[in-house]
1. Can you go through 104, 91, 86 and tell me which one is modelled with pLDDT under 95, of a type in the set (A, V, I, L, M) and over 24 Å from residue 19 (Cβ atoms)?
2. Got a sec? Which of 90, 40, 32 is surrounded by 11 or more Cβ atoms within 10 Å (Cβ to Cβ) and free of Cβ contacts under 8 Å to residues at least 40 places away in the same chain?
3. Can you find, within region 43-68, the residue that is farthest from residue 83 (Cα to Cα) among those that are part of a loop (DSSP other than H, G, I, E, B) and open to solvent by less than 50 Å² (accessible area, probe 1.4 Å)?
Amino acid sequence: MSTARSSRPCIEPPKEGSELDEALRRAFWTSLHRQPLPALQALAVAARAIGTLYRQIAEAHEGPGGCNCGWEPDPDSDLIALEANLAAALLKPPESDLAHMTMLGRA
């Protein structure tokens, strides 16, 4: 790995309902259809995957060869932010407007 910092900063975080959000949802449900797990166990696996992803991203931002976007990983405060986002998602009422619902197929 090069010791020079990357000149390309991180991409802006995706907006809710974005391609990343949809890809994660699809991957989760596809995995469950292939190998069924109890719901809480499947969510625990997903949480561990997010933790691993966080660690990899944090490592990519450390040292002289890291990303130069300005983000400095802070596991304590970052965990608080991740927990707050999880809580907000749990408390958010489901979308009832058809215009905002995810299309599942074609007629």
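The values are calculated or read from the model by the stated rules, or taken from the named source; none is laboratory data. Remember, it's a predicted structure, so these values are computed and weren't measured experimentally. Note that we place each Cβ from the backbone using ideal geometry, even for glycine, and neighbour counts take in every protein chain shown. These accessible areas exclude ligands, DNA and RNA; they are computed on the full protein's heavy atoms, side chains included. Shrake-Rupley method; radii C 1.70, N 1.55, O 1.52, S 1.80 Å.
1. 91
2. 32 is the lone residue from the list that is surrounded by 11 or more Cβ atoms within 10 Å (Cβ to Cβ) and free of Cβ contacts under 8 Å to residues at least 40 places away in the same chain.
3. 65
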